[in-house]
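Enquirer: Got a structure here, written out as structure tokens. Questions coming.
The values are calculated or read from the model by the stated rules, or taken from the named source; none is laboratory data. All figures in this text were calculated on a predicted structure; none of them were measured in a lab. Backbone-built Cβ (ideal geometry, glycine too); neighbour counts: all protein chains shown.
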Amino acid sequence: ITNILSDNQHNWRIKKLNFKQALFDFFILHWATEEMVPFIGNKTIHINFKQCYFFVVNDSKSIVSRIVEDDQTN
């Protein structure tokens, strides 16, 4: 029974990780589209998942995105 529980827990963790990855990928791609300009407005959107993503609207009403890589080598 312990092995079955461990396998079930492992499978659940894998599914959770895959869902989280897919959700963040969706957010990163979706926030970069021009249709999000009215929603972002004068705010800055930060998404931190493996890298740090910033989304802002510039003066010409276009999305500007920037990626800051997390350097953990030091």
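Enquirer: Mind listing whichever residues of region 1-29 are within 21 Å of GLU69 (Cα to Cα) and either of a type in the set (A, V, I, L, M, F, W, C) or in contact with a helix residue (DSSP H, G or I) (Cβ under 7 Å, 6 or more places away or on another chain) (or both)?
Expert: LEU17, ALA22, LEU23, PHE24, PHE26, PHE27, ILE28, LEU29
Enquirer: Under 7 Å by Cβ, and 6 or more places apart or on different chains, what pairs join a residue from region 46-67 that is in contact (Cβ under 8 Å) with a residue 24 or more places away in the chain and of a type in the set (A, V, I, L, M, F, W, C) with one that is assigned to a strand (DSSP E or B) and surrounded by fewer than 14 Cβ atoms within 10 Å (Cβ to Cβ)?
Expert: PHE55/SER65
Enquirer: Please find, within region 58-74, the residue that is modelled with the lowest pLDDT out of those that are touching a strand residue (DSSP E or B) at 6+ places or on another chain (Cβ under 6 Å) and over 20 Å from LEU23 (Cβ atoms).
Expert: GLU69
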